[in-house]
1. Go through region 184-214 and give me each residue that's surrounded by fewer than 19 Cβ atoms within 10 Å (Cβ to Cβ) and within 23 Å of residue 154 (Cβ to Cβ).
2. Looking for something on the phi > 0 side of the Ramachandran plot, free of Cβ contacts under 8 Å to residues at least 24 places away in the same chain and not aliphatic (A, V, I, L, M) - is there at least one such residue anywhere in region 220-243?
3. Just to confirm my filter: which helices (runs of 4 or more DSSP H) fall fully inside region 151-205 and include at least 3 residues that are in the same structural domain as residue 220 (by TED's automatic domain parsing), in contact with a helix residue (DSSP H, G or I) (Cβ under 7 Å, 6 or more places away or on another chain) and at positive phi?
4. Residue by residue through region 207-266, note down the ones that are hydrophobic (A, V, I, L, M, F, W, C) and closer than 17 Å to residue 191 by Cα.
5. Is it the case that some residue within region 159-182 is surrounded by fewer than 17 Cβ atoms within 10 Å (Cβ to Cβ) and more than 46 Å from the chain's Cα centre (by Cα)?
6. Give the residues of region 250-266 that are in a helix (DSSP H, G or I) and surrounded by fewer than 20 Cβ atoms within 10 Å (Cβ to Cβ), sorted by residue number.
Amino acid sequence: MPVAVYENNADYYSMIFFLLITTYAIFCGKLYNVMSGNIILSFIIGILIICLSWVALGIGTFLLTIYLLVKSSTALKELNLNFAIPSEKITSLVSTEENKTPITEEVFGQESKAKKDLDYDEAYKKALYFIDKEEHDKALPYLEIASKTDIISLKEKVYVNIGFCYGNLGNHVKAIEAFEQVIRIDPEYASAHYNLGTAYNSLSLYKDAIEAFKQAIRIDPDHTTAHFSLGFSYFKTGDKSSALDEYKILKGLDIDKANKLFDVIY
């Protein structure tokens, strides 16, 4: 196996190294033995010579390293590291760094607002999903979340759907509040006035409904459903003459709705 080969080579090299050291020690000792004639003492002296040689080599290496480090540090201080970048480029870089817009709490506030706007839009989309399934009670919590947006166009659509959901759930008071909110956002939104009138009609508040339908027709004179509902509201208040006036207008706009209103009046 390869591992066994490596282990055998290591033992082989260790033995060679040991023999070399021993031979060197004996050689050094022999030099002394010529003068002293004591073999054991000669061997000990040889070992001491080897140790002293290693110590001297280590000290010399350490001092040389210190010298080189000191010289390198001095050379780096004197070296111009900007040689590769023209001076005008360096000035430009410093100027760019100084002109960077600092990060402030306002920046974090803008990021937070953008995230909230995204959350409101997601909530509105979830509400539409439940409205499509006619699960209006499940849509309302998401619409309430989305209504906190600062985006006017989204807020307007949210309140229209809040009124729609409450109307379908039979809570016409809440529906009125929602449609009034839409009108505060956009007073010229004809359908909002019409839906407000429908909510008033559902609570038998016919006089209030008449005013709402009149506003819808003022904005959109051809709003046939508003004409029909206005005629119906006049009829419910006992104003048959005004109801007939709406019937006559409807005849020129939508004969089917006109006939339905006629059937209500008579």
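The values are calculated or read from the model by the stated rules, or taken from the named source; none is laboratory data. Fair warning: this is a prediction, and the values are worked out from it, not measured in the lab. Backbone-built Cβ (ideal geometry, glycine too); neighbour counts: all protein chains shown.
1. Residues satisfying the conditions are 184, 185, 186, 187, 188, 190, 191.
2. Of the residues in region 220-243, the ones on the phi > 0 side of the Ramachandran plot are 238.
Pick out the ones that are also free of Cβ contacts under 8 Å to residues at least 24 places away in the same chain and you get 238.
Applying the additional criterion that residues be not aliphatic (A, V, I, L, M) yields 238.
Scanning region 220-243 turns up at least one residue that is on the phi > 0 side of the Ramachandran plot, free of Cβ contacts under 8 Å to residues at least 24 places away in the same chain and not aliphatic (A, V, I, L, M).
3. Those helices (runs of 4 or more DSSP H) do not exist here; none qualify.
4. Quick first cut of region 207-266, residues hydrophobic (A, V, I, L, M, F, W, C) only: 209-210, 212-213, 216-217, 219, 226, 228, 230, 232, 235, 243-244, 249-250, 253, 255, 258, 261-262, 264-265.
Of everything in region 207-266, those that are hydrophobic (A, V, I, L, M, F, W, C) and closer than 17 Å to residue 191 by Cα turn out to be 209, 210, 212, 213, 216, 217, 219, 226, 228, 230.
5. No, that holds for no residue.
6. Looking only at region 250-266, we keep the residues that are in a helix (DSSP H, G or I), and these are 250-251, 255-265.
Result: 251, 255, 256, 257, 259, 260, 262, 263, 264, 265.
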